[in-house]
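S.K.: Please read through the structure below; I'll follow up with questions.
The values are calculated or read from the model by the stated rules, or taken from the named source; none is laboratory data. Nothing here was measured: the structure is a model prediction, and the numbers come from that model. Cβ placement follows ideal geometry from the backbone for every residue including glycine, while neighbour counts extend to all protein chains displayed.
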Amino acid sequence: MEEKSLKEQLEEKRLKFLETEFVVFDLETSGLEPGRDEILEIAGIKLRGEQETGRFEALIQPTRLIPPDVERINGLNEFYLLSNGRKSAEVVKDFLAFVGDAIVSGHNIREFDWLFVASHAKRHGLPLPTNKLIDTLELSRKLLSLPQYNLTSVAKHFGYEHANAHRAMPDVEINTKVFVHLMEKMFAPPAEK
């Protein structure tokens, strides 16, 4: 039996990617500490390969005042969230149901966003998620040579403007495009990278 070429192996991986379910997600939070601070907004786009198959978007009612510096970053305040949001336990439960067994992706999720999801799941007595993660921050550092690797810089590298940063769904929409480009780059034969 003849061994497959690298190009054939990469094509097989690309075809498997097209059949795999992913959720690209992002959070807005009241601070930087998963055990202390709260999720204020959560959004996700579900993909099968490159095709969008669903969306999740929810605001969460805070249980304490939002620091003014956080409000300046994402524009979310307690009045808006209390009027338009839902209880944290309900939203986290619904989000984890939306994610299911999908591979989860996002920018800096391994060091930030996913820690908040796990902390809030624990806080609300929900099963801790065990999904596989693909962090687009880590992936972009491995595959690209850029002066900065924040989402805006990586998006710009692929030709996208990142307007309305620091709101969950606009961040997810741009990160979904970045994720697909990074995956395509991973499956391209070495000469095409």
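S.K.: Step by step: first the residues of the range 130-184, then only those that are of a type in the set (D, E) and more than 14 Å from the chain's Cα centre (by Cα), then the one that is farthest from N74 (Cα to Cα). Which residue is that? Before you say what the answer is, go through the steps one by one.
M.R.: Filtering the range 130-184 for residues of a type in the set (D, E) gives 135, 138, 161, 171, 173, 184.
Subset that is more than 14 Å from the chain's Cα centre (by Cα): 161, 184.
Details: E161: 18, E184: 31 Å.
Here the residue is E184.
S.K.: Filtering the range 168-193 down to residues that are of a type in the set (D, E, K, R) and in a helix (DSSP H, G or I), which residue is surrounded by the fewest Cβ atoms within 10 Å (Cβ to Cβ)? Talk me through it step by step, then tell me what you get.
M.R.: Filtering the range 168-193 for residues of a type in the set (D, E, K, R) gives 171, 173, 177, 184-185, 192-193.
Narrowing the set further to residues that are in a helix (DSSP H, G or I) leaves 171, 173, 177, 184-185, 192.
Working: D171: 27, E173: 18, K177: 17, E184: 15, K185: 16, E192: 10.
Per the stated criteria, the residue is E192.
S.K.: Do you know which of the residues in the range 49-63 that are at pLDDT 95 or above and among the charged types (D, E, K, R) is nearest to L182 (Cα to Cα)?
M.R.: E52
S.K.: Also, I was wondering about something else. On the given criteria, is T20 within 28 Å of N150 (Cα to Cα), touching a residue at least 40 places away in the same chain (Cβ under 8 Å) and touching a strand residue (DSSP E or B) at 6+ places or on another chain (Cβ under 9 Å)? First the steps, then the outcome.
M.R.: Details: within 28 Å of N150 (Cα to Cα): yes; touching a residue at least 40 places away in the same chain (Cβ under 8 Å): yes; touching a strand residue (DSSP E or B) at 6+ places or on another chain (Cβ under 9 Å): yes.
Considered against the rule, which asks whether it is within 28 Å of N150 (Cα to Cα), touching a residue at least 40 places away in the same chain (Cβ under 8 Å) and touching a strand residue (DSSP E or B) at 6+ places or on another chain (Cβ under 9 Å), T20 comes out as yes.
S.K.: Still on this structure, please answer the following. Please work out which residue is farthest from A163 (Cα to Cα), limiting yourself to the range 67-84 and to residues that are in contact (Cβ under 8 Å) with a residue 40 or more places away in the chain and not in a helix (DSSP H, G or I).
M.R.: L76
S.K.: Among the residues of the range 1-23, write down those that are touching a helix residue (DSSP H, G or I) at 6+ places or on another chain (Cβ under 7 Å) and in a strand (DSSP E or B).
M.R.: V23
S.K.: Being at pLDDT 90 or above and surrounded by 15 or more Cβ atoms within 10 Å (Cβ to Cβ) is the filter; apply it to the range 10-23 and report the residue that is nearest to N175 (Cα to Cα).
M.R.: The residue in question is V23.
S.K.: Looking at (1) loosely packed, with under 15 Cβ neighbours inside 10 Å; (2) within 16 Å of the chain's Cα centre (by Cα); (3) of a type in the set (V, I, T), can you tell me which one I73 breaks?
M.R.: Just one mismatch for I73, condition (2).
S.K.: Taking the range 85-108 as the search range and keeping residues that are in a helix (DSSP H, G or I) and of a type in the set (V, I, T), which one is nearest to L151 (Cα to Cα)?
M.R.: V99
S.K.: Evaluate the following for D26: is it of a type outside the set (V, I, T), in contact (Cβ under 8 Å) with a residue 12 or more places away in the chain, assigned to a strand (DSSP E or B) and surrounded by 14 or more Cβ atoms within 10 Å (Cβ to Cβ)?
M.R.: On the way: of a type outside the set (V, I, T): yes; in contact (Cβ under 8 Å) with a residue 12 or more places away in the chain: yes; assigned to a strand (DSSP E or B): yes; surrounded by 14 or more Cβ atoms within 10 Å (Cβ to Cβ): yes.
Yes: the conditions hold for D26.
S.K.: Of everything in the range 76-108, what is among the polar types (S, T, N, Q) and crowded, with 21+ Cβ neighbours inside 10 Å? Give them in sequence order.
M.R.: S105
S.K.: Turning to a different aspect of this structure: I'd like the residue in the range 125-177 that is over 27 Å from K93 (Cα atoms) and among the β-branched types (V, I, T) and, out of all such residues, is modelled with the highest pLDDT.
M.R.: In this case the residue turns out to be V154.
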